[in-house]
Amino acid sequence: MRANSFVKWSAWTLCLALCLSLAGQTFAQTSPKRHAPTGTATSGIGSMPRLGVQSFFINEDVMMQALKDSGAPLVRVEQSWLGIEPLNTDPAHYNWTHTDDLFSRMAEKQLSPIVTIQGCPLWACLRDNGPMYDDKYAEFAQFMGAMAGRYSQAPYNVHYWEFWNEPDAAGGPGNLWGWGNHPDKYAAMLSWVYPAIKAQDAQSVVMLGGIAYDNFFTQGGPFNPDFLGGVLDAGGAQHLDAIAFHYYVNNAHGWTNIGLKTAAVRNVMTEHGADLPIICTEAGLTSSTLFGSSDQKQARSLVYMNVQGAASGLRALTWYVDRDTTVADPDWEIFAHSGLLRIDYSRKPAYTALQTLSQEVGSGQFLRALDANDGVTGTLEGYRFKRDGKSGHVSVVWNNADAATTLTIPAAQAPDLIRVVGLNGQIVQTQAGENGALNVSVGADPVYLEWGALFDDVPGSSWMYPYVEYLAYRGVVGGYSDNTFRPGNPATRGQFAKMIVLGMGWTLVTPAQPHFADVPANHPFYSYIETAFSQGVISGYPCGAASEPCPGTYFRPGNDVTRGQIAKMIVLGRGWQVQDPATATFTDVPKGSTFFTFVETASGHGIVGGYNDNTFRAGNNATRAQLSKMLSLALQQ
């Protein structure tokens with residue numbers, strides 16, 4: 001919560017919250033689920049870098065270079081409408097001098113601005129922080145159309161826009177200053193500015209100005225808890241590509257990690273019928289010992305916030321702030337040492353931590369939270385990502401307790417470990433464990449475990465990678481002696497029976513007498529097929545077919561498993577309530593057909609999809625890649 005210029009809020013409340021939080025702080029695992037970006041088709045949010053920094057000193061060459069070297073390409077900068085158009089005029093008379101220089105220099109350093117528009121001229125607004133007069137929306141749309149048209153082009157390449165910092169704040173008599181008590185006016189402003197920007201730059205990202213969503217009116221603060229809901233109810237969602245919010249450890253609601261606040265913001269959207277990508281345009285922590293922190297706590301917290309944020313579905317996060325400052329106002333002292341650089345521009349441990357995070361994770365896709373199968377138990381917390389622009393993947397692990405503990409890497413995973421890197425980029429040594437396992441000492445400072453590609457023919461960039469990786473590290477699927485997975489090959493019924501039994505973790509059943517005539521006790525899949533049978537997942541075929549003499553029931557373990565059979569086995573294995581809708585989802589699986597209810601149930605749980613012609617093709621064989629996706633998605637629900 002960085003207060004607007006007209007607001008002072010209760011510093012002692014914030015300080016107390018921070019000190020209590022840091023005194024015994026643990027960043028609890030939230031087992032977050034991924035949320036795919038759902039921005040409009042004309043939004044360029046998919047290309048937005050994940051790592052960013054808020055900068056107030058970017059005009060200085062030393063800061064520009066420091067931001068370039070940090071590895072965080074996203075830089076949040078504030079620009080004033082008042083500074084460009086102090087008098088009501090037309091675009092030909094705007095003062096572009098400062099922005100031309102700034103954006104061209106940022107482009108030279110390959111830095112991507114998030115531009116926060118501030119400073120409303122008083123001919124257009126009640127105050128410089130809003131709200132806008134009703135007859136001035138068109139003027140603002142003209143201004144932003146000109147901005148987008150000028151700066152979306154080379155050499156500038158500016159595409160990310162947000163409007164006013166913490167617009168959920170209100171002040172003055174009756175709390176009428178600022179946008180905070182005027183969500184309807186804010187939504188009206190968006191309805192004008194959004195089409196104006198899109199007309200000039202279809203790939204622009206228009207986001208809600210980062211809201212504090214904390215220290216509410218009821219807590220004596222300046223922020224309206226109903227602002228976001230009010231904007232959405234007034235139609236704001238259709239004129240936004242993303243929602244932005246701010247997160248600080250010193251918050252009034254006990255959000256001990258950024259994932260919890262992300263979930264709270266997402267819940268507001270859900271309650272008001274919206275589903276937009278979420279960005280955190282401010283997240284930070286002071287390094288000042290006055291508030292129970294330190295340089296090292298700040299450095300590790302930077303990693304915690306970025307990793308937990310990505311795991312909770314954040315599209316990007318910008319750290320607050322680039323450099324420490326001196327302040328005269330005690331209410332701002334808590335922010336004075338939140339910088340990555342000291343006042344003299346020397347680099348703090350948090351800066352080096354950001355560089356390492358960029359090198360190891362960057363914008364790499366979040367895969368999953370780690371668990372006991374990965375050796376992450378007790379107070380350990382960890383997450384896995386694809387390597388950004390590199391093969392393989394990387395795990396980020398830390399300990400939420402004060403003392404270091406041992407991370408035991410299972411023997412099945414150990415051969416794929418390349419190296420372990422510490423918070424500051426240093427190499428961390430591993431120790432031999434029992435039965436081929438590896439041990440790593442992990443403390444509060446995060447470590448990065450770099451992994452090679454599991455299989456030569458399943459690259460980290462492929463769509464199938466997270467599904468195959470999930471199953472392989474749980475021992476559900478394996479590869480061949482030449483280190484291939486052969487994802488395009490079909491799988492047999494016997495192989496899939498083994499996969500689902502291993503995936504579900506069922507205790508193996510080995511009866512003295514087999515239930516299937518073609519699966520004797522010495523068959524390699526005997527115990528898996530019998531276990532699946534005992535769980536009610538499979539049945540069999542009656543005798544009488546070619547090479548299937550009577551009496552007896554047959555399983556046909558060597559036959560290729562079909563898409564319909566997989567759907568049935570997964571639904572029964574997970575124990576899901578079978579769905580029997582009135583209308584079929586797929587044209588070739590009509591109501592009443594053999595696999596109808598199982599395919600509908602699997603589809604309802606999001607583990608199967610159809611083809612472009614709206615068919616499911618239940619009788620088609622499933623490839624190893626396809627069934628890996630279906631099974632891994634089912635096991636994670």
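The values are calculated or read from the model by the stated rules, or taken from the named source; none is laboratory data. What you are looking at is a predicted structure, and each value in this text was computed from that prediction instead of being measured. Every residue, glycine among them, receives a Cβ derived from its backbone with ideal geometry; neighbour counts consider all protein chains shown. For accessibility, only protein heavy atoms count, side chains too; no ligands or nucleic acids. Shrake-Rupley method; radii C 1.70, N 1.55, O 1.52, S 1.80 Å.
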Handout entry: the chain - Rg and Dmax from Cα coordinates, angstrom
Key = 28.0, 94
Practice task
Using just the alpha carbons, could you tell me how many Å³ per residue the convex hull of the stretch 59-141 encloses?
Solution key: 100
Handout entry: Over the stretch 329-466: Kirkwood hydrodynamic radius from C-alpha pairwise inverse distances, Å
Key = 16.4
Fill in the blank from the handout: GLN238 and ALA264 label points (each 7 Å along its Cα→Cβ direction) are spaced in nm at 3.1
Practice task
Could I have the simple spin-label model distance between CYS550 and ALA202, label points 7 Å from Cα toward Cβ, reported in nm to one decimal?
Solution key: 6.6
Practice task
Output the Cα-based Rg and Dmax of the stretch 154-256 in Å, rounding Rg to one decimal and Dmax to a whole number.
Solution key: 14.8, 47
Problem - Label point at ARG617 placed 7 Å out along Cα→Cβ; residues across the stretch 482-502 whose backbone nitrogen lies under 14 Å - result: 488-490
Problem - Area accessible to solvent at ASP134, 1.4 Å probe radius, in Å² - result: 100
Practice task
Report the local net charge at PHE103: Lys and Arg +1, Asp and Glu -1, summed over other residues whose C-beta lies under 13 Å from its C-beta.
Solution key: 0
Fill in the blank from the handout: With a Förster distance of 51 angstrom and the Cβ-Cβ distance between LEU126 and ASP275, calculated FRET efficiency to the nearest 0.05 equals 0.95
Problem - Stokes-Einstein D for the stretch 390-529, Kirkwood Rh over Cα pairs, 4 °C, 1.567 mPa s (µm²/s) - result: 73
Handout entry: Alpha carbon Rg of the stretch 136-203, scaled by the compact-globule rule 2.2 N^0.38 Å
Key = 1.27
Practice task
Subtract the Cα-Cα distance of GLU60 and SER461 from 0.36 nm times their separation in residues, and report this length gain in nm to one decimal.
Solution key: 140.6 nm
Practice task
Would you list which aspartates and glutamates come within 12 Å of LYS348, measuring only between C-alpha atoms, while excluding same-chain residues fewer than 8 positions from it?
Solution key: ASP295, ASP322, ASP324
Completion exercise
Taking a label point 7 Å from the Cα of ALA411 along Cα-to-Cβ, the residues of the stretch 453-480 whose backbone nitrogen sits under 20 Å from it are 472-480
Practice task
Run through every distinct alpha carbon pair of the stretch 369-416 and return the Kirkwood hydrodynamic radius in angstroms, one decimal place.
Solution key: 11.7
Handout entry: Quarter of the Cα convex hull surface for the stretch 474-625, i.e. its orientation-mean projected area (nm²)
Key = 10.6
Practice task
Identify, among VAL509, ALA411, ALA545, the residue whose Cα sits farthest towards the positive end of the charge dipole of the stretch 410-568, taking +1 on the Cβ of Lys and Arg and -1 on the Cβ of Asp and Glu, with the dipole about the Cα centre.
Solution key: ALA545
Completion exercise
Excluding ligands, DNA and RNA, the carbon-plus-sulfur percentage of the accessible area of the stretch 465-570 with a 1.4 Å probe reads 51
Completion exercise
Simple spin-label estimate for ALA138/GLN431, 7 Å along Cα→Cβ, in nm, reads 7.5
Exercise for the section: For n ≥ 4 DSSP H runs only, could you compute -39500 (n - 2.57) per run for the chain, divide by its residues and tell me the 222 nm figure to the nearest 500? Expected result: -9000 deg cm²/dmol
Handout entry: Residue-level accessible surface for THR430, protein heavy atoms, 1.4 Å, Å²
Key = 50
Completion exercise
Residue separation between ARG105 and ASN88 times 0.36 nm, minus their alpha-carbon distance, gives in nm 3.3 nm
Exercise for the section: Measure up LYS390/LYS498; LYS591/LYS629; LYS386/LYS629; LYS198/LYS386; LYS109/LYS261 against 21 Å on the Cα-Cα distance and list the ones that go over. Expected result: LYS390/LYS498; LYS591/LYS629; LYS198/LYS386; LYS109/LYS261
Exercise for the section: Give the calculated FRET efficiency between ASP69 and ASP580 to the nearest 0.05, with a Förster radius of 56 Å applied to their Cβ-Cβ distance. Expected result: 0.40
Practice task
With +1 on each Lys and Arg Cβ and -1 on each Asp and Glu Cβ, and nothing else charged, work out how big the dipole of the stretch 372-452 is about its Cα centre, in Debye to the nearest 20.
Solution key: 280
Handout entry: Carbon and sulfur %, accessible surface of the stretch 311-427 computed with the full protein complex present, 1.4 Å
Key = 49
Practice task
With no solvent and one equal point scatterer per Cα, compute the Debye intensity ratio I(q)/I(0) for the stretch 89-128 at 0.21, 0.27 Å⁻¹ and report its log10, rounded to two decimals.
Solution key: -0.84, -0.99
Handout entry: Net charge dipole size for the chain [Lys, Arg +1 and Asp, Glu -1 on Cβ; Debye, nearest 20]
Key = 1460
Fill in the blank from the handout: In Å², rounded to a whole number, the accessible area per residue of the stretch 326-391 with probe 1.4 Å is 38
Practice task
At 1.4 Å probe size, with every protein chain present, just tell me what the per residue accessible area of the stretch 513-637 comes to in Å².
Solution key: 46
Practice task
Would you mind getting me the FRET efficiency between ASP402 and ASP344? Use the beta-carbon distance for r and R0 = 35 Å, nearest 0.05.
Solution key: 0.65
